[in-house]
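Encoded as structure tokens, the structure appears first; notes follow it.
The values are calculated or read from the model by the stated rules, or taken from the named source; none is laboratory data. Keep in mind that this is a model prediction, so the values were computed, not measured. Note that we place each Cβ from the backbone using ideal geometry, even for glycine, and neighbour counts take in every protein chain shown. Just so you know, the surface numbers come from the protein's heavy atoms only, side chains and all, with ligands and any DNA or RNA stripped out. Shrake-Rupley method; radii C 1.70, N 1.55, O 1.52, S 1.80 Å.
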Amino acid sequence: MIQVLDTRWLGKEGVIAVFAVPHREGVALVESGPESAFPQVVRALSELGYELSDVTHLFLTHIHLDHAGAAWRFAEAGARVYVHPRGAPHLANPEKLIKSAERIYGDRMKELWGELRPLPQDRLFAVEDGERVEAGGLVFTPYATPGHAVHHHVWTVGESVFTGDVAGVRLLGGPALPPCPPPDIQLEDWRASIARLRALPADTLYLTHFGGYRDKEAMLEGLEARLSDWGDWVLRRLKEGKTPEEMVPLFEEKVKEELLAAGLDEAAVARYEAANPSAYSVYGLVRYWQKHHPEAL
Ligand SMILES: [Zn+2]
């Protein structure tokens, strides 16, 4: 019953998903996709027989623009939007969100992510950890899962869990890689969130990047090992006195080798780079060590 919609962001297939969950009064979405992909998501919904006005609820895992950029569009069409309390103020007033994204994406901002407008307050609901939301006979439950972002929830419905970015990025049957962009990366929190995912009774994992997977245990084990390995790798380079700029090409090469060793080809490596740029993970992990463990440097 859960439908994986491909946003085809920038014409790329299988990079950013939106999930549609039909219920007896319409359809709920998990993630909005980026605003630049909004027309494609509306098309995908209509192929399932839904109009925009049939979207009753939108559950967001976190407010990064690939997950929540089009939330205001769905809210303006009448959907109720549910998000972590630390994310809600930035959707109501996206000024800070735009500024911090502009710092990373510069003048490519609009082309990549489209437009961002304040989300109507009466459509916006901040939900706490464990606070159940009923939608047309289904129950959606958020679980606070920081580490990738402080404002991150996973959402469960029945046996399924929508993992946002905290279960990693996994494409074309390859391994799950942890996306580590600045500014929130916190490895201890992330490990605790992985433990929380393991303990949830939900066994099918829906990754925004990309799709549903049933091998939860093996996948989370691999993710956790890689998270530690990446963290250690950046720490060693910092201790050697390398700058982030010097680390980026080395880290890109390391990630490429890991993916090729897992049996993927160059095209798959490029798709992983599009979904989860290695350079951002260098900057995010450098910030983690400097902010949380200056004593280790
Ligand atoms: Zn994210």
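For the stretch 226-296, the solvent-accessible area with a 1.4 angstrom probe is 49 square angstrom per residue. Extension gain, R191-A274: 0.36 nm per intervening residue step, less the Cα-Cα distance, totals 27.4 nm. Comparing mean-square fluctuations of A218, A28, A17 from a GNM of the chain with C-alpha springs under 10 Å, the top value falls on A218. With the helix formula -39500 (n - 2.57) applied to DSSP H stretches of n ≥ 4, the chain reaches a computed 222 nm mean residue ellipticity of -12500 deg cm²/dmol. Calculated FRET efficiency, A218 to E95, Cβ-Cβ distance, R0 = 41 Å: about 0.45 to the nearest 0.05.
Tell me, what % of the accessible area of the stretch 226-296 is carbon and sulfur with a 1.4 angstrom probe? Solvent-exposed carbon and sulfur of the stretch 226-296 make up 51 percent of the total. Dipole check for the stretch 199-297: with +1 at the C-beta of Lys and Arg, -1 at the C-beta of Asp and Glu, and the Cα centre as origin, the magnitude is about 340 Debye. Here the Gaussian network model covers the chain, with springs between Cα atoms less than 10 Å apart; of Y213, Y272, Y105, Y105 fluctuates the most. Each residue, R236 and A199, gets one label point 7 Å from its Cα in the Cβ direction; the gap between the two is 3.3 nm. In order along the stretch 103-117, the Karplus-derived 3J(HN,Hα) couplings, from 6.51 cos²θ - 1.76 cosθ + 1.60 at θ = phi - 60°, round to 4, 7, 9, x, 7, 8, 3, 5, 4, 6, 10, x, 10, 10, 10 Hz, and Gly and Pro are given as x. For the stretch 151-194, list residues with backbone N below 15 Å from a point placed 7 Å from the Cα of F125 toward its Cβ? Answer for the stretch 151-194: 155-157. The modelled label-to-label distance for the pair L297/L172, using points 7 Å beyond Cα in the direction of Cβ, is 3.6 nm. Stretching the chain fully between E246 and D265 yields a gain of 4.3 nm (0.36 nm per residue, less the alpha carbon separation). Between the stretch 152-200 and the stretch 213-227, how many Å separate their Cα centres? About 10 Å separates the Cα centre of the stretch 152-200 from the one of the stretch 213-227. Taking R0 as 35 Å, what's the FRET efficiency between E47 and R117 from their Cβ-Cβ distance, rounded to 0.05? For R0 = 35 Å, the calculated efficiency reads 0.85. What you get for the chain, charging only the Cβ of Lys and Arg (+1) and of Asp and Glu (-1), is a dipole of about 380 debye around the Cα centre.
Two numbers describe the Cα atoms of the stretch 226-296: Rg and Dmax, which are 12.7, 40 Å.
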